[in-house]
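Heads up: the structure comes next, in structure tokens.
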Amino acid sequence: MYEPVLYSSVGGLDVLAEQLHEILRLMIRPYISVRIVPAGRALTGDFTMLSFAKYEPMAYVEGLNSALFLDDRASISLYSKVLEKPPAPPAEASEMIPRQA
């Protein structure tokens, strides 16, 4: 999650608070890990890195009118570099969210 989203009140402050509380509720699940990418980090657009126990990693890239699943090594390397400086770990992320809610 990109940090500025924590401060964007699209729909009003009540909507923002409810959305952030929902994220906190979901973070209780052991298979959901929320990381916050610091503001100011250069991003190329929305993407999700997917990792699996039995399969090679993939990057899911969203565009305005399309989406791609990339699994070639060059693409995985490129998108992994964006995340080289680790985002806030889940424990820190959960502490950042309530301050905005």
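Here, each number is a calculation from the coordinates, and none is a lab measurement. All values reported here derive from a predicted model rather than from experimental measurement. Backbone-built Cβ (ideal geometry, glycine too); neighbour counts: all protein chains shown.
Descriptive notes on the structure:
- Applied to the stretch 6-17, the Karplus parametrisation 6.51 cos²θ - 1.76 cosθ + 1.60 on θ = phi - 60° returns per-residue 3J(HN,Hα) values of 5, 10, 8, 9, 5, x, x, 5, 5, 5, 4, 4 Hz, with x for Gly and Pro.
- Whole-Hz ³J(HN,Hα) from phi, Karplus 6.51 cos²θ - 1.76 cosθ + 1.60, for the stretch 21-33, glycine and proline x: 5, 5, 4, 4, 5, 5, 5, 5, 5, x, 9, 10, 10
- Near SER75: Cβ cut-off under 13 Å, other residues only, Lys/Arg at +1 and Asp/Glu at -1. The net charge is -1.
- Here the label points at MET96 and VAL82, each 7 Å from Cα along the C-beta direction, are separated by 1.6 nm in the simple model.
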